[in-house]
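Here you go, one structure.
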Amino acid sequence: MVNRPRGILTDSDREYLEMGEVRRNSIYSPPARTKRRNAIRERARNGLLDLKVLVEYLDENELEEIFKRDEDSDGEEAPPAWPLAAMLYLWAQKRPMFTNETDVREFLSSPDKEYSSEEHLARVTKSFNNQVEKGVSTAIEFRGDDRVPEEVTNELVVSLGDSTGDMTDEELATLPRRMLDLLFRRGDLNNEEYAKIMQLKLESES
């Protein structure tokens, strides 16, 4: 668990959520689990309401400071504040939707089926699009005028390249610098590999 100042969650809230259901059930009684989860939900609701106020009333520069990526952070797996679209996409990854009726029937008949990365991505993007459409409709409905949205359509298209684990050094050197930095921070590239690929990148660009 990453130690950081209190935000929506306290350190004990984070520890409770990250320990997993099996361990939680072995430590906490049912009434204690209910009480803790009720408190977490209440803080989360209040945090989202506060976020709505921030988005509405902070000026553009202040919002940019909150959500910008910190390229100089050490050891962090994410920027100091997740961009809102990134948070929604992470939510969709955990809750991919069925893409059609056939998808539903296949899941019900084979709930343990392994989906291909392409099938999983299609379900994730459908879930993302669905939530964007719901969110835009809700925002328009409650903005205070007498018009309601007749239709909201969103289309996220994600195209994934080859696995970086299968790329040669020369192929890796063609990736954007930001992606190479991410691979290095994640540990996919060690110091020697990162230095070699960056040297190849600099030579190709010059």
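The values are calculated or read from the model by the stated rules, or taken from the named source; none is laboratory data. The structure presented is a predicted model; accordingly, all values stated were derived computationally and were not measured. Cβ sites come from the backbone with ideal geometry, for glycine too, and all protein chains shown count toward neighbours. The protein model used for the area step is the full one, side chains on, heavy atoms only, and it has no ligands, DNA or RNA in it. Shrake-Rupley method; radii C 1.70, N 1.55, O 1.52, S 1.80 Å.
Among the residues of the stretch 87-105, which ones are open to solvent by less than 70 Å² (accessible area, probe 1.4 Å) and assigned to a helix (DSSP H, G or I)?
Listed by number, the residues that qualify are LEU88, TYR89, ALA92, THR102, ASP103, VAL104.
How many residues are more than 19 Å from the chain's Cα centre (by Cα) and not hydroxyl-bearing (Ser, Thr, Tyr) if we restrict to the stretch 141-160?
Taking the stretch 141-160 first, the residues more than 19 Å from the chain's Cα centre (by Cα) are 141-153.
Going one step further and asking which of them are not hydroxyl-bearing (Ser, Thr, Tyr), we end up with 141-152.
Total satisfying the criteria: 12.
Do we find a residue being exposed (fewer than 11 other Cβ atoms within 10 Å of the Cβ), modelled with pLDDT of 90 or more and not hydroxyl-bearing (Ser, Thr, Tyr) anywhere in the stretch 42-50?
Yes; the residues of the stretch 42-50 include at least one that is exposed (fewer than 11 other Cβ atoms within 10 Å of the Cβ), modelled with pLDDT of 90 or more and not hydroxyl-bearing (Ser, Thr, Tyr).
Pick from the stretch 139-165 the residues that are open to solvent by 70 Å² or more (accessible area, probe 1.4 Å) and of a type in the set (Ser, Thr, Tyr): which of them is farthest from THR99 (Cα to Cα)?
Of everything passing the filter in the stretch 139-165, SER159 is farthest from THR99 (Cα to Cα).
For the structure I just gave you, tell me whether SER204 is more than 26 Å from LEU49 (Cα to Cα) and open to solvent by less than 100 Å² (accessible area, probe 1.4 Å).
Working: more than 26 Å from LEU49 (Cα to Cα): yes; open to solvent by less than 100 Å² (accessible area, probe 1.4 Å): yes.
Yes: the conditions hold for SER204.
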